[in-house]
Amino acid sequence: MDLAGNTAHGMVPAHKPQGLARWLYATNHKDIGSLYLWFAFCMFLVGGVLALCIRAELFSPGLQFFQPELFNQLTTLHGLIMVFGAIMPAFTGLANWMLPLMIGAPDMAFARMNNWSFWLLPPAMTLLLLSFIVPGGAAAAGWTLYAPLSVQLGMGMDLTIFAIHILGISSIMGAINIVVTIINLRAPGMRMMNMPMFAWASLITAYLIIAVMPVLAGAVTMVLTDRHFGSHFFNAAGGGDPILYQHVFWFFGHPEVYIMALPAFGIVSQVIPTFARKPLFGYSSMVYATSSIGVLSFMVWAHHMFVTGMPATAQLFFMYATMLIAVPTGVKVFNWIATMWQGSMSFETPMLFAIGFILLFTIGGLSGVTLSVAAVDVQLHGSYYVVAHFHYVLVAGALFSLFSAVYYWFPKMTGRMYVERLGQLHFWWSLLWFNVTFFPMHFLGLAGMPRRIPDYALQFTDFNRLASIGAFMFGLGQLIFLVNILYSLRHGKTAPQQPWEGANTLEWQIPTPAPYHSFNPPPQLETAENGVVLSMREGGQG
């Protein structure tokens, strides 16, 4: 592979807007990606503070700081902010930043729509947070907003519905942009079946978003009409059915889980080959496994509803369909391990977080298989076992992979290296205290402690105290990440073009930091699986 002399290929002189206008009217994919990432991190801190309020209340039995109504509002907003304000925007931000660089596109396909899709987020999140101070307080029906409770809440529920509509529009616009960019703007030679796994994962995630966000919009609109316009979709007294809401919500809700997990699979599939210095094992099977998970995610929604009393045949169908998802997921875990097998591995911070992701996500996946068994789920439904399960899946799946991605691409984004020792401290601190926080919740759930309650019986005290201490320490550890990033942005060592020896995808073939405008015109590429660049010629040459 000879790329020498081509590194300035397609890089046009930077015409960079300055000041506030650069960000308000941003159309450059790197600027918009940065906006997304910083916004997501701020929302992560806000959602994290709400989580710490919850854990502070649960440190001891009895009511300590919050009345039950406010406690329910905290749990609801914590979930909504983490899902719609932190995780989804963070992955969209990474896709904005890295996709054009990884596939050789000059920018995202619809630059102005890209600007809109970001700037819808701050007002939506403002509405959610303002709902705390309106009469009746914020929505308190859990992040699932189950009817009929959501039909009966105060004005905060209306603000939440409005916010979800805006967030949905933002997500759909971002997803359309990703699909069109990948389908139409790949550089010559970047074949679909050679694309980086992160591009595949982003593409399938975008299709899922386009498919299910309108379903959520429909569900909350039905709640809105029940609340204010006399309809009775979910009002049993008027001939409606509250269970209908659960069906509609979870038809959105389960694919949503994979909307937050598939991009993580893509990130890990880029990081592990780099630090194992080996090609990704079983690339084609990884593509098909990711696609299979996307399809199967539409067929398992009712495993969240075993306790509603569905027929035995339906329980069996959803139980086996849910178990089936373990197959493509297992293929992925096997391929990641096979990639590391006999590799020349090194353990910089991105690799540590990627391995941590595999470990924790596998634990979360195993508890998910347990919950897929209808007879077990009936016993554990609504207990802290479920809380432990989805935090192992989502905190590990989303957060650890996002940290891995930020550390991995930080040199390319900023031109500076992060402080490795702080990165490693951040990983080990997070791994330890994450497990101290969430592992005891398995035992709490098995012992019968229900979720979403501000008070509990005395026998649950010790594990709750342990979880609360772990949560505060885990939260404290995220300040290490913030300090590392802020310090490195100004004082970090200058990053070389290829800071990672095993990095061989397209984004590492351009100067560091990535020029403000890149791949215009697109380069001529010869590529191998997972986006590995074999040769690159100047754009416009035949």
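The values are calculated or read from the model by the stated rules, or taken from the named source; none is laboratory data. Since this is a predicted model, take the numbers as computed values, not measurements. Every residue, glycine among them, receives a Cβ derived from its backbone with ideal geometry; neighbour counts consider all protein chains shown. Just the protein is used for accessible areas: all its heavy atoms, side chains included, with ligands, DNA and RNA removed. Shrake-Rupley method; radii C 1.70, N 1.55, O 1.52, S 1.80 Å.
Determine the per residue accessible area of segment 443-542 with all protein chains present and a 1.4 angstrom probe, expressed in square angstrom.
48 Å²
So, counting K/R as plus one and D/E as minus one, what does the shell of residues with Cβ under 15 Å around Met102 add up to?
Result for the local shell: +1.
Lys and Arg at +1, Asp and Glu at -1: add these up for the other residues within a Cβ distance under 12 Å of Thr437 and post the number.
My count for the surroundings of Thr437 gives +2.
Which listed residue (Pro188, Met536, Ser468) has the Cα farthest towards the positive end of the charge dipole for the chain, taking +1 on Lys and Arg C-beta and -1 on Asp and Glu C-beta about the Cα centre?
About the Cα centre, the residue reaching furthest to the positive side is Met536.
Ignoring ligands, DNA and RNA, please state the percent of accessible area on segment 22-537 from carbon and sulfur, probe 1.4 Å.
Looking at segment 22-537 in its full context, I get 70 percent from C and S.
Can you give me the angle between helix 197-228 and the longest principal axis of the chain, using Cα atoms only, in degrees from 0 to 90, rounded to the nearest 10?
30 degrees
With everything on Cα atoms, drop me the angle between helix 242-259 and the longest principal axis of the chain, reported from 0 to 90° to the nearest 10.
20 degrees
Helix-only mean residue ellipticity at 222 nm, the chain, DSSP H runs n ≥ 4 weighted -39,500 (n - 2.57), per residue, nearest 500. What is it? Spell out each step's value before the answer.
Details: 19 runs with 339 residues, N = 542.
It lands at -21000 deg cm²/dmol.
Separation of segment 133-183 and segment 48-86 by C-alpha centroid, Å?
When both Cα centres are located, 18 Å separates them.
What whole-number distance in Å separates the alpha-carbon centres of segment 498-536 and segment 17-40?
23 Å
I'd like the orientation of helix 312-340 relative to the chain: the angle between its Cα long axis and the longest Cα principal axis, in ° from 0 to 90, rounded to 10.
Orientation of helix 312-340: about 30 degrees from the principal axis.
Tell me the net charge near Leu63. Cut-off is 14 Å between Cβ atoms, Leu63 excluded, with +1 for each Lys or Arg and -1 for each Asp or Glu.
So the environment of Leu63 carries a net charge of -3.
Could you order the peptides 496-502, 335-341, 34-40 from most to least packed, using the average number of other C-beta atoms within 10 Å per residue? Mind showing how you got there, number by number?
Values: 496-502: 15.7, 335-341: 18.3, 34-40: 20.7.
The peptides rank, most packed first, as 34-40, 335-341, 496-502.
So if each residue of separation counts as 0.36 nm, and I subtract the Cα-Cα distance between Ala56 and Thr461, what length gain in nm does that give?
Value of the extension gain: 144.5 nm.
Compute the distance in nm between two label points, each set 7 Å from the Cα along the Cα-to-Cβ direction, one at Ser535 and one at Ile469.
6.2 nm
Work from the charge dipole of segment 22-537 (Cβ charges, +1 for Lys and Arg, -1 for Asp and Glu, about the Cα centre) and give the residue of Thr225, Ser291, Phe252 farthest towards its positive end.
My answer, from the dipole projection, is Ser291.
Using a 1.4 Å probe, what is the accessible area per residue for segment 165-264, in Å²? Please report the intermediate quantities before stating the final value.
Working: 3240 Å² over 100 residues.
For segment 165-264, the per-residue accessible area is 32 Å².
Over the chain, what is the mean sequence separation of C-alpha contacts under 8 Å (at least six apart), divided by residue count, expressed as relative contact order in percent?
Values: 944 pairs, mean separation 114.9, N = 542.
In percent, rounded to a whole number, it is 21.
Provide the FRET efficiency to the nearest 0.05 for the Ala528-Ser291 pair, computing r from the beta carbons and using R0 = 30 Å.
Plugging the Cβ-Cβ distance into 1/(1 + (r/R0)^6) gives 0.90.
For the pair Asp241/Trp38, report the inter-label distance in nm, with labels modelled 7 Å from Cα in the Cβ direction.
In this crude spin-label approximation the distance works out to 4.9 nm.
Stretched out fully, how many nm does the piece from Leu482 to Arg191 gain, at 0.36 nm a residue minus the Cα gap? Each step should come with its number before you reach the end.
Numbers: separation 291, 0.36 × 291 = 104.76 nm, distance 3.75 nm.
Result for the pair: 101.0 nm of gain on full extension.
So between Ala326 and Phe298, what do we pick up on full extension, going 0.36 nm a residue minus the alpha carbon distance? Please report the intermediate quantities before stating the final value.
Details: separation 28, 0.36 × 28 = 10.08 nm, distance 1.46 nm.
Length gained, Ala326 through Phe298: 8.6 nm.
Using R₀ = 51 Å, calculate the FRET efficiency as 1/(1 + (r/R₀)^6) where r is the Cβ-Cβ separation of Ile183 and Leu432; round to 0.05. Spell out each step's value before the answer.
Working: r = 43 Å, r/R0 = 0.84.
Efficiency for this residue pair is about 0.75.
Quick check for me: using +1 on Lys/Arg Cβ and -1 on Asp/Glu Cβ, what's the dipole size of the chain about its Cα centre, in debye to the nearest 20?
In debye, rounded to 20, the chain gives about 780.
Compute the FRET efficiency between Gln67 and Leu130 as 1/(1 + (r/R0)^6), taking r as their Cβ-Cβ distance and R0 = 22 Å, and round to the nearest 0.05. Mind dumping the intermediate values first?
Numbers: r = 20 Å, r/R0 = 0.91.
For R0 = 22 Å, the calculated efficiency reads 0.65.
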